[in-house]
1. With θ taken as phi - 60° and the coefficients 6.51, -1.76 and 1.60, list the Karplus ³J(HN,Hα) couplings across the range 141-158 in order, rounded to whole Hz; mark glycine and proline as x.
2. What figure in square angstrom, to the nearest 10, would you give for the accessible area of S263 with a 1.4 Å probe?
3. Assuming 0.36 nm per residue, please report the length gained on full extension of the stretch K159 to I88 beyond their Cα-Cα distance.
4. Sort V110, V66 from largest to smallest accessible area, using a 1.4 Å probe on the heavy atoms of the protein chains.
5. By how many nm would the segment from T98 to F79 lengthen if fully extended, with 0.36 nm per residue of separation less the alpha-carbon distance?
6. With all protein chains present and a 1.4 Å probe, how do D31, D81, D167 order by accessible area, largest first?
7. For the range 69-205, which whole percent of the accessible surface, found with a 1.4 angstrom probe, sits on carbon and sulfur atoms?
8. What share of Cα pairs, in percent, lie more than 22 angstrom apart in the range 112-214?
Amino acid sequence: MKRTLYLSFIFFSFILSSCTRYLFPATAGNDAVYKPKPMVADSTKSAINITGGISAADRYADDGSVTLGYLSLNRGHTFRDFNFSYGIFAYHGKAEKTYNSENPENSKYVELPTYSKSASALGLNTSVGYHITSSRGNTDFRIINWENSVTREFGDYLKFRKSLYGDLTYKKLIVSRNKILWTTGISSEIIFHARKNKEVKHAFKLFIGASPNLERSFDTKIKLENNNNELSETSRGNFQFTYFFALKKFNLTAQTDFSHFSSSLGLGYTF
């Protein structure tokens, strides 16, 4: 069994190392930030939350990585059967590639050189959903939520991607020149507190979504040049898992996007 898993890992790594590389927008996988909302059992049905943290996306070694600090501000409202929230957020950090793999001298594969570019973004987000509450009142089942996020990117990394768009020098590189990223999808969440202690909360959320304007922002010339169908990788969507913990007015958010190999960790305060 262990040998099979080991061989599978080697095979998977080989496939990833030989496929086409991509340069995504800096906020891809990081833009659907968690938006805290009061529970039905809370005495306050509306609250403002501010969260600061760090997000990182580690693509394959040849693509580079993105590290961003972020700050989000949102207002959440909870009623008997539904909830909604809206807010703004900002990112700032860098995208970089620090590693070059070795290739045969006569290889047709021309690798993108190392780089380090600044990246910033501003965004808006909304969430609206339907929920039910347990008979004991200590658990809210947020059965279905519709979430949206619109982000505008700035900085040298955006300029860098635009400069590479249409450049056929790097045969296995597909580049997005997208500066505005719209992510939409649905989520399901469970949030609960101890029966005798409403000030300690835990929440688990799954989000499935996509960025409709992302796939067409990639350079299709590379696909035609190489006569391949690997551009389908650019529509990999969003599949996120989030854990939320609150202690009185302070909270912690840990989020992972399995589609974009990104994760974030944030500390917040509700008032």
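1. Values per residue, Gly and Pro as x: 9, 7, 4, 9, 10, 9, 10, 9, 8, 10, 10, 10, 8, 9, x, 5, 5, 4 Hz.
2. Counting only protein heavy atoms, the figure is 50 Å².
3. Values: separation 71, 0.36 × 71 = 25.56 nm, distance 2.39 nm.
Result for the pair: 23.2 nm of gain on full extension.
4. Details: V110 60, V66 5 Å².
Result, largest first: V110, V66.
5. Numbers: separation 19, 0.36 × 19 = 6.84 nm, distance 4.91 nm.
Full extension of this stretch gives 1.9 nm more.
6. Details: D31 0, D81 75, D167 55 Å².
My answer, sorted largest first, is D81, D167, D31.
7. Numbers: 4390 of 7430 Å².
Carbon and sulfur atoms account for 59 percent of the accessible area of the range 69-205.
8. Details: 2841 of 5253 pairs.
For the range 112-214, the fraction of Cα-Cα distances above 22 Å is 54 percent.
The values are calculated or read from the model by the stated rules, or taken from the named source; none is laboratory data. Small disclaimer: the values here were computed from a predicted structure and weren't measured. Keep in mind that these areas ignore ligands, DNA and RNA; they rest on the heavy atoms of the full protein, side chains included. Shrake-Rupley method; radii C 1.70, N 1.55, O 1.52, S 1.80 Å.
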